[in-house]
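Trainee: My questions will all concern the structure given below.
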Amino acid sequence: MCDKEMITRQINSFLTITMLIMAKYRLILIVCLTVCLTKNVSAQTNYMEQNFAGGGPFVSPSPGIGQFSHLITTNAALSKYEFGPGYMDLIRLQQDSATGGIVRALRAVPFSPNPETLYIQITFSVEEIGAAGTNAVYFYLGENFSPTNNKIPANALLFSRFSLNFLASSFVVHDIETGRNSSPLPLRTPVTLTWVLNNSPDGQIYRKPETAANPDHKVMPGKYDLWVNETLQVNDADAYPGASAYSASKLSNFEIRFRNAVGKVRFTSLRIRDVTGVLPLHIVLFKAEKDHGKVRLSWETAMERDSDHFIISKNTVNNLHSIIGEVKATGQTTQQYSLLDNEPDEGVNRYRIEQMDQYGQVIDTKETGFSFQEEREFYVSPNPASAALIRINSFGEKPDVMKIYDLTGRELPFDFKTGTEGMIEIYPRSEMTSGLYILSISGNRGRKYFRFLVE
């Protein structure tokens, strides 16, 4: 074989090996990217979801996502469950639970993976009330629920609970821990309950409604929220009734129990998942204070897991936020920070802080306000002002012209008089709505503009 052919074969062999190596590492690169991206995506876990539209089965000793582990009645003739197209009915025909029995829809097999937070939505209607009763229907969240022991679960097993009280021709949602009742709700009308529970060590932020642009509701560790339709009925209430001991599996079991009164409750949808739009609550304090003609912004963190830096911005006159500084996160569990706004605006300054991760995603955010006035300058006091009276501290100086504008530039008519201690009192001719306004004052020192809030 000639040298030329040998060299050609060696080159072809080298190219083949090179292409195989490149293909191999391309595959490794794709796998690495997939793994890395997967680690940074927080998938939501659905623990149970059922709209009763299918044919079942709705119960299994090894329950799937759409199944209870047990459906129990202690008197099949007087307390029972029935299924129809798109619903599950729980029915009681006799008042006394001892003889009339109870009916239980139970998930006693622990949820997996073990949840630290739950976002539960239950849509139902009370179709009939034959006899009124308090705590007619219980809703329980806890651990180690027994399908064979039909006594009310002990506090030691519970994270939270609430009930339905049947009235003569309506019912209320009753939170047992706080004693709060909803407004009376009509029969045969769908109601959606949203139960947000937090057994994690971090405060959690969630969206309500879920279509909201930002998660703007918070539930702290060992607490729960309870919504009746779009009304926040119970806010950040204490879990662990009776001061029971903490348990990591305290959100692993769920039960609906119809044990008192006479009637029919129809369930059309049940969904149990971890909290939607969860973000750890890292920033626990954000405040603004005057500091030698400037504004010092201070904040404190409770946790900085995954934190990279903080962005501090200020609300401008046209309602846009301009960044005034960034501060690198230290990564410590608890840390205090501060930043100076060297050029605060006269009047109300609105500040926002955003805690960012290394990928540029917002972990937590807070806002605060500060009314800034230079010495001896006119200012609105108090600020925010009332809708019917705006008081201006003029230090005894009488301005030539005063005007008030809303943010659309519309001038608002008003009357005024000079009060005591150098104050000017402005009385709008029509009541002002809540929001931000501009005060224009012209005098011997020229024209000045001040921003103020109306509550």
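Trainee: What FRET efficiency would be calculated for the residue pair ASP406, ASN114, taking the C-beta separation as r and a Förster radius of 60 Å, to the nearest 0.05? Could you put the intermediate results ahead of the total?
Mentor: Details: r = 53 Å, r/R0 = 0.88.
Efficiency for this residue pair is about 0.70.
Trainee: Which is farthest toward the positive dipole end of region 282-372 among ALA288, TRP299, SER371, measuring Cα position about the Cα centre, with Cβ charges +1 (Lys, Arg) and -1 (Asp, Glu)?
Mentor: SER371
Trainee: Could you please rank TYR206, TYR337, placing first whichever residue has the fewest other Cβ atoms within 10 Å of its Cβ?
Mentor: Details: TYR206 23, TYR337 18.
Result, fewest neighbours first: TYR337, TYR206.
Trainee: Let me ask you something else. Any chance you could list P(r) for region 242-302, counting all Cα-Cα pairs in 10 angstrom bins from zero, rounded to whole %?
Mentor: 12, 21, 24, 17, 14, 8, 3
Trainee: Here's a follow-up. Do the sum for the chain: with -39,500 (n - 2.57) for every DSSP H run of n ≥ 4, divided by all residues, what is the mean residue ellipticity at 222 nm, to the nearest 500 deg cm²/dmol?
Mentor: On the way: 2 runs with 41 residues, N = 455.
Helix-only estimate at 222 nm: -3000 deg cm²/dmol.
Trainee: Please state the shape class of region 46-273: rounded when a/c is under 1.5, otherwise prolate if a/b exceeds b/c and oblate if not, all from the C-alpha gyration tensor.
Mentor: On the way: a/c = 1.41, a/b = 1.29, b/c = 1.10.
Note, shape of region 46-273 comes out rounded.
Trainee: In which sequence would TRP227, TRP299 go, from the one with the fewest C-beta neighbours within 10 Å to the one with the most? Spell out each step's value before the answer.
Mentor: Working: TRP227 21, TRP299 24.
Least to most surrounded, the residues fall as TRP227, TRP299.
Trainee: Now for a different question. Work out the charge dipole of the chain with +1 on the Cβ of Lys and Arg and -1 on the Cβ of Asp and Glu about the Cα centre, then indicate which of ILE311, ASN260, GLY56 is farthest towards its positive end.
Mentor: Checking the options against the dipole of the chain, the answer is GLY56.
Trainee: Given Cβ point charges of +1 (Lys, Arg) and -1 (Asp, Glu) and nothing else, what value in debye, to the nearest 20, does the dipole of region 87-184 about its Cα centre take?
Mentor: Working: 6 positive and 8 negative charges, 31 e Å.
The calculated dipole for region 87-184 is roughly 160 debye.
Trainee: Which order do the peptides 128-136, 154-162 come out in when sorted by mean C-beta neighbours inside 10 angstrom, highest first? Walk me through the numbers before you get to the answer.
Mentor: Numbers: 128-136: 17.9, 154-162: 20.1.
Descending mean neighbour count gives 154-162, 128-136.
Trainee: Is the shape of region 37-138 rounded, prolate or oblate, going by the alpha carbon gyration tensor and its root eigenvalues a ≥ b ≥ c, with a/c under 1.5 for rounded and a/b larger than b/c for prolate?
Mentor: prolate
Trainee: Let me ask you something else. Listing SER252, SER442 from the residue with the fewest other Cβ atoms within 10 Å to the one with the most, what is the order?
Mentor: Numbers: SER252 25, SER442 13.
If I rank by nearby Cβ atoms, fewest first, I get SER442, SER252.
Trainee: Residue by residue through region 196-205, which ³J(HN,Hα) values in whole Hz follow from phi under the Karplus form 6.51 cos²θ - 1.76 cosθ + 1.60 (θ = phi - 60°), with glycine and proline marked x?
Mentor: After applying 6.51 cos²θ - 1.76 cosθ + 1.60, I find 10, 10, 10, 10, 8, x, 10, x, 10, 10 Hz.
Trainee: Quick one: work out Rg over Rh on the C-alpha atoms of region 282-372, Rh as Kirkwood radius. Walk me through the numbers before you get to the answer.
Mentor: Numbers: Rg = 12.8 Å, Rh = 13.3 Å.
Rounded to two decimals, Rg/Rh equals 0.97.
Trainee: What dipole magnitude, in Debye to the nearest 20, does the chain give about its Cα centre under +1 on Lys/Arg Cβ and -1 on Asp/Glu Cβ? Could you put the intermediate results ahead of the total?
Mentor: Working: 45 positive and 48 negative charges, 197 e Å.
Using only the charged Cβ atoms, the result is roughly 940 debye.
Trainee: Can you tell me what percent of all Cα-Cα pairs in region 379-454 are more than 19 Å apart?
Mentor: On the way: 761 of 2850 pairs.
Taking all Cα-Cα pairs of region 379-454, the fraction more than 19 Å apart is 27 percent.
Trainee: So which of LYS366/LYS417; LYS314/LYS398; LYS417/LYS448; LYS287/LYS448; LYS294/LYS417 end up more than 29 Å apart, counting from Cα to Cα?
Mentor: Values: LYS366/LYS417 39 Å; LYS314/LYS398 32 Å; LYS417/LYS448 20 Å; LYS287/LYS448 27 Å; LYS294/LYS417 32 Å.
Result: LYS366/LYS417; LYS314/LYS398; LYS294/LYS417 exceed 29 Å.
Trainee: Would you work out the relative contact order for region 379-454, in percent, from Cα pairs under 8 angstrom that are 6 or more residues apart? Don't skip to the answer; put the middle values down first.
Mentor: On the way: 159 pairs, mean separation 27.4, N = 76.
Dividing the mean separation by the residue count of region 379-454 yields 36 percent.
Trainee: With a/c under 1.5 counting as rounded, go ahead and sort the chain into rounded, prolate or oblate using the C-alpha gyration tensor (a ≥ b ≥ c being the square roots of the eigenvalues; past the cut-off, prolate if a/b is larger than b/c, else oblate). Please list the in-between numbers first.
Mentor: Values: a/c = 2.74, a/b = 1.21, b/c = 2.27.
Verdict is oblate for the chain.
Trainee: Pull up all non-local amide H partners of ALA239: gap of 5 or more, or a different chain, and H-to-H distance under 5 Å with H placed in the peptide plane.
Mentor: Here LYS223, TYR224 satisfy the definition.
Trainee: Amide H of THR45 versus every other amide H placed in the peptide plane: which residues, excluding those fewer than 5 positions away on the same chain, fall under 5 Å?
Mentor: Here the answer is ASP274, since their amide H atoms fall under 5 Å of that of THR45.
Trainee: Charges only on Cβ, +1 for Lys and Arg, -1 for Asp and Glu: so what's the dipole of region 46-273 about the Cα centre, in debye to the nearest 20?
Mentor: 360
Every number in this text was worked out from the coordinates using simple rules, so none of it is lab data. Predicted model only: the values in this text are computed from it and were never measured. Reconstructed Cβ throughout: ideal geometry from the backbone, glycine too, with neighbour counts over all protein chains shown.
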